[in-house]
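Read the structure below first, then the notes.
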Ligand code: GDP
């Protein structure tokens with residue numbers, strides 16, 4: 001069994017590859033909920049939705065978020081009424097938020113409503129939120145402390161980041177399926193998807209007890225670098241690394257995760273960094289890591305799982 005930790009876009013891409021090559025009961029994908037927020041009366045979970053739409057093959061490729069074939073009547077009507085339109089909600093996407101909000105108000109956990117929606121969308125593998133308790137990523141920046149979506153969408157990641165805080169994480173419990181996966185004797189490996197380390201992976205690791213449980217896991221922990229040739233494929237990962245004084249390379253990613261990981265998959269363009277990363281005690285595997293197509297996603301997923309198997313064999317020697 002493989003446990004994958006994922007945020008939105010980069011995470012969803014690799015999770016999709018893993019989901020296509022593994023049997024449904026061989027994969028648990030744990031998704032960041034630090035980006036979640038309440039808006040216009042709805043409970044919105046952007047990363048869970050990106051993963052759901054991607055794994056269901058219904059993601060909006062042109063936009064990079066949301067659902068395919070979207071229309072915007074609700075947004076236009078809202079604008080006409082003078083409502084808040086800085087966070088875009090498409091007509092189809094709206095159904096997800098309505099259902100989730102209704103279920104949560106009814107007393108269901110986020111895990112329960114997520115499970116139901118993924119089943120309806122016919123996604124074979126298990127996808128769960130990192131926690132059923134609220135965790136909110138807060139961005140300490142040159143404009144003060146901003147709630148995540150205020151920083152990310154409203155301010156388009158322009159403010160200079162000084163620090164990140166995961167509000168509520170210390171008191172949040174990992175979701176039941178997450179805890180069970182971390183303690184499962186059948187766990188063969190953990191994959192940290194190429195998600196934003198600060199905005200997607202760290203919030204998951206910050207949930208109470210998760211890092212300690214992860215350190216106890218015997219199986220190899222492998223990350224896939226979201227930084228390729230000194231840049232992020234998408235989003236502010238490189239900008240934030242720079243603002244926090246980190247080296248914007250896959251070596252910087254290796255140092256960020258440190259002894260939490262046993263291996264790092266880096267892009268062929270960064271092959272020259274392999275020796276420096278290995279000198280920090282982290283094994284390296286080099287391949288093309290840009291996932292443009294479904295085929296790329298499955299190729300990288302297969303490569304990553306082979307790397308996990310190799311590390312497991314080396315451990316048992
Ligand atoms: P977000 O919540 O939508 O920002 O999504 P994630 O945190 O999961 O993904 C953003 C990160 O994914 C960025 O740092 C990107 O560099 C990385 N990423 C996106 N697509 C790819 C890809 O095809 N390959 C790799 N290696 N990284 C990617």
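The values are calculated or read from the model by the stated rules, or taken from the named source; none is laboratory data. The model shown is predicted, which means the values in this text are computed figures rather than measured ones. Positions of Cβ are generated from backbone atoms using ideal geometry, with glycine treated the same way; all protein chains shown enter the neighbour counts.
Among the numbered criteria (1) within 11 Å of the ligand (Cβ to nearest atom); (2) modelled with pLDDT of 95 or more, which single criterion is violated by residue 242?
Answer for residue 242: the failing condition is (1).
Only residues in the stretch 1-30 that are at pLDDT below 95 count as the first member; pair them with residues that are outside any helix (DSSP H, G or I) and more than 11 Å from the ligand (Cβ to nearest atom), Cβ under 6 angstrom, at least 6 apart or cross-chain, and list the lot.
Listed by first residue and then by second, the contacts come to 24/124; 24/125.
Take the residues of the stretch 61-87 that are at negative phi, in a loop (DSSP other than H, G, I, E, B) and without any contact (Cβ under 8 Å) to a residue 12 or more places away in the chain: which is surrounded by the most Cβ atoms within 10 Å (Cβ to Cβ)? Break it down into steps so the answer makes sense when it comes.
Initial filter on the stretch 61-87 (at negative phi): 61-63, 65, 67-68, 70-81, 83-87.
From what's left, in a loop (DSSP other than H, G, I, E, B): 61-63, 65, 68, 70-72, 81, 83-87.
Next, from what is left, pick out any that are without any contact (Cβ under 8 Å) to a residue 12 or more places away in the chain: 61-63, 81, 85.
Values: 61: 7, 62: 8, 63: 12, 81: 7, 85: 16.
Filtering the stretch 61-87 for residues that are at negative phi, in a loop (DSSP other than H, G, I, E, B) and without any contact (Cβ under 8 Å) to a residue 12 or more places away in the chain, the one surrounded by the most Cβ atoms within 10 Å (Cβ to Cβ) comes out as 85.
What number goes with the only condition from (1) within 8 Å of the ligand (Cβ to nearest atom); (2) buried (at least 20 other Cβ atoms within 10 Å of the Cβ); (3) within 20 Å of residue 141 (Cβ to Cβ) that residue 232 does not pass?
Here residue 232 meets the rest and fails (2).
Going through the stretch 295-304 one residue at a time, which ones are under 12 Å from residue 19 (Cβ atoms) and surrounded by fewer than 22 Cβ atoms within 10 Å (Cβ to Cβ)?
Quick first cut of the stretch 295-304, residues under 12 Å from residue 19 (Cβ atoms) only: 297-298, 301.
The one that is under 12 Å from residue 19 (Cβ atoms) and surrounded by fewer than 22 Cβ atoms within 10 Å (Cβ to Cβ): 298.
Restricting attention to the stretch 38-60, and to residues there that are over 17 Å from the mean Cα position of the chain (by Cα) and within 17 Å of residue 292 (Cα to Cα), which single residue is surrounded by the fewest Cβ atoms within 10 Å (Cβ to Cβ)? Break it down into steps so the answer makes sense when it comes.
Step one: of the stretch 38-60, the residues over 17 Å from the mean Cα position of the chain (by Cα) are 38-43, 57-58, 60.
Checking the rest, the ones that are also within 17 Å of residue 292 (Cα to Cα) come to 57-58, 60.
On the way: 57: 12, 58: 14, 60: 18.
Checking each candidate, the answer is 57.
Considering every residue within the stretch 215-236, establish whether at least one is in contact with a strand residue (DSSP E or B) (Cβ under 7 Å, 6 or more places away or on another chain) and assigned to a helix (DSSP H, G or I).
So far as the stretch 215-236 goes, no, none of its residues is in contact with a strand residue (DSSP E or B) (Cβ under 7 Å, 6 or more places away or on another chain) and assigned to a helix (DSSP H, G or I).
Out of the stretch 175-196, which residues are more than 24 Å from residue 313 (Cβ to Cβ) and either free of Cβ contacts under 8 Å to residues at least 60 places away in the same chain or away from the ligand (no atom under 16 Å from the Cβ) (or both)?
Result: 175, 176, 177, 178, 179, 180.
Return yes or no: is residue 262 more than 15 Å from the ligand (Cβ to nearest atom) and either modelled with pLDDT of 95 or more or under 17 Å from residue 5 (Cβ atoms) (or both)? If you could, list the steps in order and put the result at the bottom.
Values: more than 15 Å from the ligand (Cβ to nearest atom): yes; either modelled with pLDDT of 95 or more or under 17 Å from residue 5 (Cβ atoms) (or both): yes.
For residue 262, the condition - more than 15 Å from the ligand (Cβ to nearest atom) and either modelled with pLDDT of 95 or more or under 17 Å from residue 5 (Cβ atoms) (or both) - is met.
Got a number for residues in the stretch 88-127 being over 10 Å from residue 42 (Cβ atoms) and not in a helix (DSSP H, G or I)?
Number of matching residues: 13.
Out of 50, 33, I need the residue that is in a loop (DSSP other than H, G, I, E, B) and at pLDDT 95 or above. Which one? Reasoning before the result, please.
On the way: 50 fails: in a loop (DSSP other than H, G, I, E, B).
Criteria check complete, one pass: 33.
Please determine whether any residue of the stretch 113-130 is without any contact (Cβ under 8 Å) to a residue 60 or more places away in the chain, surrounded by 16 or more Cβ atoms within 10 Å (Cβ to Cβ), within 29 Å of residue 56 (Cβ to Cβ) and touching a helix residue (DSSP H, G or I) at 6+ places or on another chain (Cβ under 7 Å). Give the steps one after another, and end with the answer.
Residues of the stretch 113-130 without any contact (Cβ under 8 Å) to a residue 60 or more places away in the chain: 113, 115-116, 119-120.
Filter once more, keeping what is surrounded by 16 or more Cβ atoms within 10 Å (Cβ to Cβ): 113, 115.
Retained after the next criterion (residues that are within 29 Å of residue 56 (Cβ to Cβ)): 113, 115.
Checking which are touching a helix residue (DSSP H, G or I) at 6+ places or on another chain (Cβ under 7 Å) leaves us with 113.
So far as the stretch 113-130 goes, yes, one or more of its residues are without any contact (Cβ under 8 Å) to a residue 60 or more places away in the chain, surrounded by 16 or more Cβ atoms within 10 Å (Cβ to Cβ), within 29 Å of residue 56 (Cβ to Cβ) and touching a helix residue (DSSP H, G or I) at 6+ places or on another chain (Cβ under 7 Å).
Inside the stretch 12-31, can you point out the residues that are out of contact with any strand residue (DSSP E or B) (no Cβ under 7 Å at 6 or more places or on another chain) and within 9 Å of the ligand (Cβ to nearest atom)?
Kept after step one, since they are out of contact with any strand residue (DSSP E or B) (no Cβ under 7 Å at 6 or more places or on another chain), are these residues of the stretch 12-31: 13, 16-17, 20-21, 23-25.
Correct list: 13 only.
Only one of 199, 164 is near the ligand (Cβ under 10 Å from one of its atoms) and over 19 Å from residue 18 (Cβ atoms); which? Show your work before the answer.
On the way: 164 fails: near the ligand (Cβ under 10 Å from one of its atoms).
After applying the criteria, what remains is 199.
Look through the stretch 269-294, keep the residues that are farther than 17 Å from residue 13 by Cβ and within 11 Å of the ligand (Cβ to nearest atom), and return whichever of them is surrounded by the fewest Cβ atoms within 10 Å (Cβ to Cβ).
Taking the stretch 269-294 first, the residues farther than 17 Å from residue 13 by Cβ are 269-286.
Narrowing the set further to residues that are within 11 Å of the ligand (Cβ to nearest atom) leaves 269-270.
Details: 269: 16, 270: 22.
Ranking the qualifying residues of the stretch 269-294, first place goes to 269.
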